[in-house]
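Notes to accompany the following structure.
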Amino acid sequence: MTNAELIEKAKKTMENAYSPYSQLRVGAALLTASGDVYTGCNVENASYGATICAERTAILKAVSEGERSFDRMAIVSSSNEHTYPCGLCLQVLAEFMYDGTLVFDSETKGIAEIPVKDCLPKKFNL
Ligand code: THU
């Protein structure tokens, strides 16, 4: 699966975002080690803290289907800039794909690949 294909899936899923409060739409597409793709969008809530980000939606969908091994995640949003994962999402990404790569795309910045490790150099461990 190419980055362009993964980004396309993230963009399609972004259209399903439920974000009446922030108006920011975010889409993620997660590639498993076996080549399957799980997608996610942000789902907001009137109780703001109950909002779930696109990245965690995708990871939770995959993990709840039994997946454990992931290579890459594409992340796009309705912003013109790259949208980087929040701290909570980074910790969840680090749990399952610390050796993986994030792929970003936006109108002004184009496509960029960043290792998860570079986004969260010191992850919390138990
Ligand atoms: N959001 C994501 O989906 N992913 C992130 O990593 C950062 C933030 C969403 C959550 C909320 O719906 C909106 O962006 C504004 O915070």
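Here are a few things to note about the model shown:
- Residue that is surrounded by the fewest Cβ atoms within 10 Å (Cβ to Cβ), among those in region 19-41 that are more than 8 Å from the ligand (Cβ to nearest atom) and hydroxyl-bearing (Ser, Thr, Tyr): Ser34
- Considering only residues in region 94-126 that are more than 12 Å from the chain's Cα centre (by Cα), under 23 Å from Thr32 (Cβ atoms) and of a type in the set (Phe, Trp, Tyr), the one that is surrounded by the fewest Cβ atoms within 10 Å (Cβ to Cβ) turns out to be Tyr98.
- In region 42-93, the residues that are more than 14 Å from the chain's Cα centre (by Cα), near the ligand (Cβ under 10 Å from one of its atoms) and not small (Gly, Ala, Ser): Glu44, Asn45, Tyr48, Thr51
- For region 45-62, filtering for residues that are in a helix (DSSP H, G or I) and crowded, with 16+ Cβ neighbours inside 10 Å leaves 7.
- Flag: Glu107 does not match the condition of being touching a residue at least 24 places away in the same chain (Cβ under 8 Å) and within 14 Å of the ligand (Cβ to nearest atom).
Throughout, read-outs are computed from the coordinates displayed, never taken from laboratory work. Please read all numbers here as calculations on a predicted model, not as lab measurements. Please note: Cβ atoms are built from the backbone with ideal geometry, for glycine as well, and neighbour counts cover all protein chains shown.
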